[in-house]
Amino acid sequence: YKYLGLRMFAHPWKWQTNQNHHHHNNAKGSKNEKTPEVDTEINLDQALGLISQLNDSLTQRTSKHLDGLDRKRRENYKSEKGLDTDNIPRMVKGRSKFDIALINRMVNTSSLKKEPSMGDGRCSVSWHADSTLENYSSIAVYHTILNETKPNHRDSKSINKKEEEQDLSDRWSIALRVAHNSEGPSSSKRGTDIESAIVSNTPPIAVSLPSRSAYYLLDDFNH
């Protein structure tokens, strides 16, 4: 799989590591042995297992969203055509199975580039269209925000957890806009850059999502 000029290779979801074997042996130590410090970091096998579980959950939810979108489209079609039948072919394309899982880490710093089109704020990842996707690909994104600027004082009454999470979510936004033929075999018809493919009468949108949210790009969004 090639992504932004980088060649990537598949990695199995399950991978037994030496670190995992080391923790297993420590659990069988004698009572006289010094108890090792608690390791708050998970090993590779555990990390891959969590990503695998997340992949399964996003697959199930994507399937439900595709079915829901298809149901709405068929109901609208029946209403527009005045039909009184449920014998209507499926109107949504794409599948809920995913071929690849990517993990992107973004850091909020003052060195981020200014956002070029909406005139406000800075961006960690600029406008782009995912390349080398099959038509009608489904994309599911799980979005987590971590506060790395200060320690997590769990016992401090002065820190309101909900207010802190809201403040963190307000620092990040996810933006979408319509740009026809910005990728794929027809991109040369309107230029190779995304800016030339933007549909001007459809304004871009930017929203802040709470941490641990998910959003989905389905059907003809990736066509």
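The values are calculated or read from the model by the stated rules, or taken from the named source; none is laboratory data. Since the structure is predicted, the reported quantities are computational estimates derived from the model, not experimental observations. Every residue, glycine among them, receives a Cβ derived from its backbone with ideal geometry; neighbour counts consider all protein chains shown. With ligands, DNA and RNA removed, areas are computed over all heavy atoms of the protein, side chains included. Shrake-Rupley method; radii C 1.70, N 1.55, O 1.52, S 1.80 Å.
Brief remarks on what is shown
- Selection from segment 123-145 of residues that are out of contact with any Lys or Arg (no Cβ under 7 Å at 6 or more places or on another chain) and either free of Cβ contacts under 8 Å to residues at least 12 places away in the same chain or among the polar types (S, T, N, Q) (or both): SER124, SER131, GLU134, ASN135, SER137
- Residue pairs meeting the criteria (Cβ under 6 Å; at least 6 apart or on separate chains; first assigned to a loop (DSSP other than H, G, I, E, B) and modelled with pLDDT under 85, in segment 196-223; second of a type in the set (Gly, Ala, Ser) and open to solvent by less than 60 Å² (accessible area, probe 1.4 Å)): PRO204/ALA175
- Note on segment 89-142: residues that are among the charged types (D, E, K, R) and open to solvent by less than 70 Å² (accessible area, probe 1.4 Å) total 2.
- Of the residues making up segment 58-103, those that are touching a strand residue (DSSP E or B) at 6+ places or on another chain (Cβ under 9 Å) and under 23 Å from PHE9 (Cα atoms) are LEU58, THR59, SER96, PHE98, ILE100, LEU102.
- Residue pairs whose Cβ atoms lie under 9 Å apart, sitting 6 or more positions apart in sequence or on different chains, and linking a residue in segment 175-186 that is open to solvent by 40 Å² or more (accessible area, probe 1.4 Å) to a partner that is at pLDDT below 65 and charged (D, E, K, R), are HIS180/ARG190; ASN181/LYS189; ASN181/ARG190.
- Residues being exposed (fewer than 11 other Cβ atoms within 10 Å of the Cβ), hydroxyl-bearing (Ser, Thr, Tyr) and part of a helix (DSSP H, G or I) - total across segment 56-88: 1
- Residues that are out of contact with any Asp or Glu (no Cβ under 8 Å at 6 or more places or on another chain) and hydroxyl-bearing (Ser, Thr, Tyr) within segment 202-223 comprise THR202, SER213, TYR215, TYR216, listed in sequence order.
- Candidates ASP193, ASP167: the one that is surrounded by fewer than 13 Cβ atoms within 10 Å (Cβ to Cβ), among the acidic types (Asp, Glu), over 19 Å from the mean Cα position of the chain (by Cα) and modelled with pLDDT under 65 is ASP193.
- Among the residues making up segment 42-55, those that are hydrophobic (A, V, I, L, M, F, W, C) and in a helix (DSSP H, G or I) are LEU44, ALA47, LEU48, LEU50, ILE51, LEU54.
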